[in-house]
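Below is one structure, written out as structure tokens; comments come after it.
The values are calculated or read from the model by the stated rules, or taken from the named source; none is laboratory data. Predicted model, so just to flag it, every value in this text is computed and none were measured. Reconstructed Cβ throughout: ideal geometry from the backbone, glycine too, with neighbour counts over all protein chains shown. To get the accessible areas, we keep the full protein, side chains included, count just its heavy atoms, and leave off ligands, DNA and RNA. Shrake-Rupley method; radii C 1.70, N 1.55, O 1.52, S 1.80 Å.
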Amino acid sequence: MNSEVQRQGLIPAPSSRWTVRDWLLCGLLVIASLMVGLVHVPQHDSISPIDEFVYIDYLAKVPTEGVVHRGEETGAYAREYFACHGVRMYIGPQPTLCQSSSFNDDVAFPFNGKTSADLYAPLYFGTTWVLAQPLMWVGMTDLTEAGRYTGWIWLAAALVLLYMTFRRLNVPRGLGFGLGILLAGSLPAYWSHTYISTDATALPAGALMIFLAIRYLQTRRHGWLLPLAAIVVALFKLQNLMAVAAVAVFFLLYSAANATGPAGIDASSRITAWRRSSITRLGVFTLVAAVAAQAVWTVTRSLIAVGPAPDQLVATQLGGKALLSEVFKFFPGAISGAVDPSSLGMYAIVIAGIGTSVVAAGVLGLLATSPPKSMQALLAFSVLLVALVSGPALGVANLLTSGFYFPLPARYGLALVPMFLCCAALLFSNRRWVGNAVGACGVLVFLLSFRLAETLT
């Protein structure tokens, strides 16, 4: 990108056409995603502690109920799976309960046998059930295992969309591939894409939103895709709204930075030009569409409830200290995985350390070194602002809507990770040796990730 483009804050068109090399690199990213599933899923003997018990229940009920209801009891399939497999890092298998013919004792199961997955619209579980059916047709008998194997498809979608965004931003191919392979080997990929988890939708959601945003700013075509995508990703998971919000803020700031008009124009005219800008309107409409979709689901969820939500025993007091801790929850911690890496062994610590370093350096470095009104600075500022504000906002929103607050896990910010990596890609593109080093680190992370199965217990 030349200095004039940076000064004006414009996004240039891609400098080169899509080539055979790009197809090959995307193919390698897809293969890497498949390897993540093929290596890790067979190693999972127990249930993930990241709510997989209730997700398994939801998945099993797709063909009979379609959607689970607030206050509903978990079914026999999930209860038997819990008894026979246990929950990783919490409780082992229970042979006596597993071999019993009845699973009616609610006290023996999490949340006294109630589901907590009613928070989610059925979109993720229905899609996962459909994707799992071909594996069931060819002889796989375990729905849970088949559902886990579908995680690689979500990961592949995220990596390909992210690479396509990099190419639109003229990021060198080697660097783009390196960052993609780093994400494939990251701890979020392990936890979210090798178990049944609604978090599997977060990385593709963030990658899709930033891809469509950059594409629209370059072409000014098919703007309707952004609000449509925002509705879909919001219905997959509430926390995906962070990616939508980041794009909306980016559009508002980008439009303001470029609403200069003729020389000598006054501030009032610039504000009018900003308000009338198609970019401004699209940014606002995209966010409103996503929030409205989630609001409709929230109302629907309340109307179909069959009882009160279970007490998950995580409620705590919301005060100034708690709110402050939420400010720094997602940046850069979202790429560190679902649990504390230090409890998972040396390889996990290395993987998390490289990931957080790339994210922090990418966002802060791009913001510090880019011209104030350039696209790079506006993107970095938008993503950072949403990352810092979303934690306290989610905490307060949960208190108002559910009546309690609980410390948010860093994985809630996963939808922002593709945007963090876009900032890193733009920053590292300016120094070839740094880009090469980051690409090498990505390969290292990916290779180390296959050692996780030997260290996580």
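Go through the stretch 431-447 and give me each residue that's touching a residue at least 12 places away in the same chain (Cβ under 8 Å) and open to solvent by 30 Å² or more (accessible area, probe 1.4 Å). Please lay out each step first, then the result.
Taking the stretch 431-447 first, the residues touching a residue at least 12 places away in the same chain (Cβ under 8 Å) are 432, 435-436, 438-447.
Matches in the stretch 431-447: Arg432, Asn436, Ala440, Cys441, Val443, Leu444, Leu447.
For Tyr254, the stated conditions do not hold, so it cannot be described as in a helix (DSSP H, G or I), closer than 24 Å to Pro371 by Cα, touching a residue at least 24 places away in the same chain (Cβ under 8 Å) and open to solvent by 10 Å² or more (accessible area, probe 1.4 Å). Set side by side, the residues Arg215, Arg167, Arg221 differ, and just one is among the charged types (D, E, K, R), open to solvent by 10 Å² or more (accessible area, probe 1.4 Å), out of contact with any Leu (no Cβ under 9 Å at 6 or more places or on another chain) and in a helix (DSSP H, G or I), which is Arg167. With respect to the numbered conditions (1) open to solvent by less than 50 Å² (accessible area, probe 1.4 Å); (2) of a type in the set (A, V, I, L, M); (3) in a helix (DSSP H, G or I), which one is the sole condition not fulfilled by Leu318? For Leu318, the exception is condition (3). Filtered by the rule that a residue be assigned to a helix (DSSP H, G or I), under 22 Å from Leu212 (Cβ atoms) and of a type in the set (Gly, Ala, Ser), the stretch 416-436 gives Ala424, Ala425. Scanning the stretch 284-295 for residues that are within 13 Å of Ala121 (Cβ to Cβ) and surrounded by 14 or more Cβ atoms within 10 Å (Cβ to Cβ) returns Ala290, Ala293, Gln294.
With the condition kept exactly as written, say whether any residue in the stretch 174-184 is under 21 Å from the mean Cα position of the chain (by Cα), more than 30 Å from Trp433 (Cβ to Cβ) and either among the basic types (Lys, Arg) or part of a helix (DSSP H, G or I) (or both). No, the conditions are met nowhere in the stretch 174-184. Restricting the stretch 120-133 to residues that are in contact with a helix residue (DSSP H, G or I) (Cβ under 7 Å, 6 or more places away or on another chain) and part of a helix (DSSP H, G or I) leaves a set whose member that is farthest from Tyr149 (Cα to Cα) is Leu123.
For the stretch 276-294, check the following and say yes or no: at least one residue is in a helix (DSSP H, G or I), modelled with pLDDT under 95 and closer than 27 Å to Phe406 by Cα. Yes, because at least one residue in the stretch 276-294 is in a helix (DSSP H, G or I), modelled with pLDDT under 95 and closer than 27 Å to Phe406 by Cα.
Return the residue satisfying two criteria in turn: it lies in the stretch 28-62 and is of a type in the set (D, E, K, R) and assigned to a helix (DSSP H, G or I), and of such residues it is farthest from Val443 (Cα to Cα). Can you show your working first?
In the first step, residues of the stretch 28-62 are kept if they are of a type in the set (D, E, K, R); the result is 45, 51-52, 57, 61.
So of that shortlist, the ones also assigned to a helix (DSSP H, G or I) come out as 52, 57, 61.
Numbers: Glu52: 29, Asp57: 36, Lys61: 39 Å.
This residue is Lys61.
Condition check: of a type outside the set (Phe, Trp, Tyr), free of Cβ contacts under 8 Å to residues at least 60 places away in the same chain and more than 30 Å from Ser449 (Cα to Cα). Does Leu225 satisfy that? Considered against the rule, which asks whether it is of a type outside the set (Phe, Trp, Tyr), free of Cβ contacts under 8 Å to residues at least 60 places away in the same chain and more than 30 Å from Ser449 (Cα to Cα), Leu225 comes out as yes. Failed condition for Ala360, given (1) under 20 Å from the mean Cα position of the chain (by Cα); (2) over 30 Å from Ser302 (Cα atoms); (3) open to solvent by 30 Å² or more (accessible area, probe 1.4 Å), with all others met? The number of the failed condition is (3). Scanning the stretch 330-355 for residues being in a helix (DSSP H, G or I) and surrounded by fewer than 19 Cβ atoms within 10 Å (Cβ to Cβ) gives a total of 6.
Is it true that Ser336 is in contact with a helix residue (DSSP H, G or I) (Cβ under 6 Å, 6 or more places away or on another chain) and within 23 Å of Asp199 (Cα to Cα)? Steps first, please.
Details: in contact with a helix residue (DSSP H, G or I) (Cβ under 6 Å, 6 or more places away or on another chain): yes; within 23 Å of Asp199 (Cα to Cα): yes.
So Ser336 fits the description; yes.
Just the residues that are part of a loop (DSSP other than H, G, I, E, B) and either surrounded by 14 or more Cβ atoms within 10 Å (Cβ to Cβ) or touching a residue at least 40 places away in the same chain (Cβ under 8 Å) (or both), please, taken from the stretch 85-109. Once the filter is applied, which keeps residues that are part of a loop (DSSP other than H, G, I, E, B) and either surrounded by 14 or more Cβ atoms within 10 Å (Cβ to Cβ) or touching a residue at least 40 places away in the same chain (Cβ under 8 Å) (or both), the stretch 85-109 yields Gly86, Arg88, Met89, Tyr90, Gly92, Pro93, Gln94, Ser100, Phe103, Phe109.
Selection of the stretch 372-410 for residues being in contact with a strand residue (DSSP E or B) (Cβ under 9 Å, 6 or more places away or on another chain) and open to solvent by 50 Å² or more (accessible area, probe 1.4 Å) yields Val396, Leu399, Phe404, Pro407.
Any chance the stretch 58-80 includes a residue that's within 22 Å of Gln43 (Cα to Cα), surrounded by fewer than 19 Cβ atoms within 10 Å (Cβ to Cβ) and not small (Gly, Ala, Ser)? Working first, answer last.
Of the residues in the stretch 58-80, the ones within 22 Å of Gln43 (Cα to Cα) are 59-60, 77-80.
With surrounded by fewer than 19 Cβ atoms within 10 Å (Cβ to Cβ) added as a condition, the list becomes 77, 80.
Filter again for not small (Gly, Ala, Ser), leaving 77, 80.
Yes.
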